[in-house]
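> Got a structure here, written out as structure tokens. Questions coming.
The values are calculated or read from the model by the stated rules, or taken from the named source; none is laboratory data. Predicted, not measured: the structure shown is a model, and the values here were computed from it. Cβ atoms come from the backbone with ideal geometry, glycine included; neighbour counts cover every protein chain shown. When the accessible area is computed, the model is the full protein with side chains, heavy atoms only, and any ligands, DNA or RNA have been set aside. Shrake-Rupley method; radii C 1.70, N 1.55, O 1.52, S 1.80 Å.
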Amino acid sequence: MDKNPDQKRAVQYLYPPVDPFDQRMLRVGQGHQIYVEQCGSPQGLPVVVLHGGPGGGCSPAMRRYFDPEHYRIILFDQRGCGRSRPHASVEENTTWRLVEDIELIRETLEIDRWCVFGGSWGATLALVYAQSHPAQVRNLILRGVFLMTQAELDWFYGGGAGRFWPETWARFVAPIPEEERDDLIAAYHRRLFSGDFAVETKYGRSWSAWENALASIHSSGASGESPGDYARAFARLENHYFMNAGFLERDGQILDQMERIAHIPGVIVQGRYDMICPPVSAWSLAQRWPAAELKLIRNAGHALSEPGISAELVRVMDRIAEEVA
């Protein structure tokens, strides 16, 4: 779950634009190739950035939360999205395959331990990765926490958020016949995987518009129309993961396994008025994580580009760099 509107609002807090010193397509198996890039200092503190969605892809703005003189910044597009190929594919596309991909990136780049930075779905993936490979994680930096629980899906796709945004919710449910509205994730799934490219694109735009409209605290409830290819991939991947409960073994699994990473230093940056991933998830996570700091940002919603969230994330990463120096 993630989109980044209004990035110019946060630009004053970010480091200047930086170009990659390394870009590559990495074959990860099962017919997938993923786009990987490195920026900043080749000798710097490694940090891997996990984008949201699933299906959101990384963007150049994500490079700018880190001092390029101190960090070796690794970004990649997860399976099926962004510059990774095949585009919009859900074949062999699961949380556990993504965890394998992250480990392959680490091994390929010959990194022993790294910081893991993720927001929204990227926070979910960061937690699952850390619980699977705790020895490889130096710090966890999370934003807009999503724990991949049924309660969170019910909030966003079952009408909870719609109580605050009734006109926007009405637009989201309008394309679905009334008899199918008891399970909107399943209803959209039938259309996003219909085999008709035009239908998949149409419903992909509708799915994406609902989330995009609620990302910023400054939202009016409207959202611009996303490019068709992007919207289709984003919606298909996100819907695929949500139909399968994130491929976790049980509801609440991430919280239940926090003892595995209780010792890893962490920071949770959470918008107080996040309508996509309400703060209760971040608070619940912090209660299970003794080594973590919870920073609730007033006057902020979900988006990475919220000014308060951007400012805090840059401060956190600067502090970590100073501790290592």
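> Using the Cα centre of the chain as the reference point, and only Cβ charges (+1 on K/R, -1 on D/E), how large is the resulting charge dipole? Debye, rounded to the nearest 20.
Here the size comes out at about 480 debye.
> Within segment 178-244, which GluC sites (Glu not before Pro) sit in a loop by DSSP and count at most 15 neighbouring Cβ atoms inside 10 Å?
Here the GluC sites (Glu not before Pro) that fit, given the DSSP loop and packing criteria, are Glu225.
> Sorted by accessible area (1.4 Å probe), largest first, how do Trp165, Trp155, Trp96, Trp283 line up?
Trp283, Trp96, Trp155, Trp165
> Which value, in Å² rounded to 10, gives the accessible area of Asp196 with a 1.4 Å probe and all protein chains present?
70
> Quote the accessible area belonging to Arg72 in square angstrom, nearest 10, computed with a 1.4 Å probe and with ligands, DNA and RNA left uncounted.
40
> Find how much the distance from Arg190 to Trp96 grows on full extension, using 0.36 nm per residue of separation minus their present alpha carbon separation; answer in nm with one decimal.
Between Arg190 and Trp96, full extension yields an extra 31.4 nm.
> About its Cα centre, how strong a charge dipole does segment 266-324 have in debye, to the nearest 20, once Lys and Arg get +1 and Asp and Glu get -1 at the Cβ?
220
> Can you give me the % of accessible surface on segment 281-323 that is carbon or sulfur? Probe 1.4 Å, all protein chains present, nothing else counted.
45
> Still on this structure, I have one more. Going 7 Å from the Cα of His87 toward and past its Cβ, which residues in segment 43-57 have a backbone nitrogen under 14 Å from where you end up?
57
> Which value in deg cm²/dmol, rounded to the nearest 500, describes the helix-derived mean residue ellipticity at 222 nm for the chain, given -39,500 (n - 2.57) per DSSP H run of n ≥ 4 and division by the residue count? Provide the component values of the computation, followed by the final result.
Details: 10 runs with 114 residues, N = 325.
Dividing the helical sum by the residues of the chain leaves -10500 deg cm²/dmol.
> Arrange the residues Lys295, Lys202 by how much accessible surface each exposes, largest first, with a 1.4 angstrom probe. Mind dumping the intermediate values first?
On the way: Lys295 50, Lys202 125 Å².
I get Lys202, Lys295, largest accessible area first.
> If you don't mind, there's one more thing I want to ask. Can you pull the one-decimal nm distance between simple spin-label points at His263 and Glu225, each 7 Å off the Cα toward Cβ?
Label at His263, label at Glu225, 5.5 nm between them.
> With the crude spin-label approximation of a point 7 Å out along Cα→Cβ, what separation in nm comes out for Phe164 versus His218?
With each label placed 7 Å out from Cα toward Cβ, I get 1.8 nm.
> Here is a follow-up. From the backbone phi of segment 108-125, what are the Karplus-calculated ³J(HN,Hα) couplings (6.51 cos²θ - 1.76 cosθ + 1.60, θ = phi - 60°) in whole Hz, Gly and Pro given as x?
4, 8, 6, 9, 7, 9, 8, 7, 10, 10, x, x, 6, 4, x, 5, 4, 5
> Between Glu323 and Gln30, 0.36 nm times their residue separation minus their Cα-Cα distance comes to what?
Full extension from Glu323 to Gln30 adds 101.5 nm.
> Between Arg272 and Glu178, what is the spin-label point distance in nm, taking each point 7 Å from the Cα along the Cα→C-beta axis?
Reported label-point gap for Arg272 and Glu178 is 4.1 nm.
> Further question: Cα centroid distance between segment 71-93 and segment 222-252, in Å?
What the calculation gives is 14 Å, centre to centre.
> Between rounded, prolate and oblate, where does segment 164-253 land on the alpha carbon gyration tensor, with a ≥ b ≥ c its root eigenvalues, rounded for a/c under 1.5, else prolate if a/b exceeds b/c?
In terms of gyration-tensor shape, rounded.
> Going from the alpha-carbon gyration tensor of the chain, what semi-axes, largest first and in whole Å, does one get by taking the root of 5 times each eigenvalue?
29, 22, 19
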